[in-house]
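This report concerns only the one structure given below.
Bear in mind that the values in this text are calculations on the coordinates, not laboratory data. The model shown is predicted, which means the values in this text are computed figures rather than measured ones. No Cβ is skipped: glycine too gets one built from the backbone with ideal geometry, and neighbour counts run over all protein chains shown.
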Amino acid sequence: MKSLTLLDVINAVGEHASTPDELKAVVIHLVNSGKVKLAGELAGCKIDFGPNAMQQPVVVGSQTELPQQALDEAG
């Protein structure tokens, strides 16, 4: 299995997503389900999909927040 950066995943999904919310939901699902293995400092992290997840998703197990600007630009 090839490891990807979060930006790789965002860019790939962004080519097919219809809306920013769809982009966010698919990226979160792919990462949390383990269908995508992240590389780098986010390796092994999950994304908190709590009540505010669509506004400000936060990566669990790391101090790094998702690149919201990249998510918004890709959608």
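If R0 is 22 Å, what FRET efficiency do you get for N11 and S33 from their C-beta distance, rounded to 0.05? Walk me through the numbers before you get to the answer.
Details: r = 19 Å, r/R0 = 0.86.
Between N11 and S33 the formula returns 0.70.
Can you spot the lysines whose alpha carbon is less than 20 Å from K2's alpha carbon? Ignore those fewer than 8 places along the same chain.
By straight Cα distance, K2 reaches K35, K37, K46.
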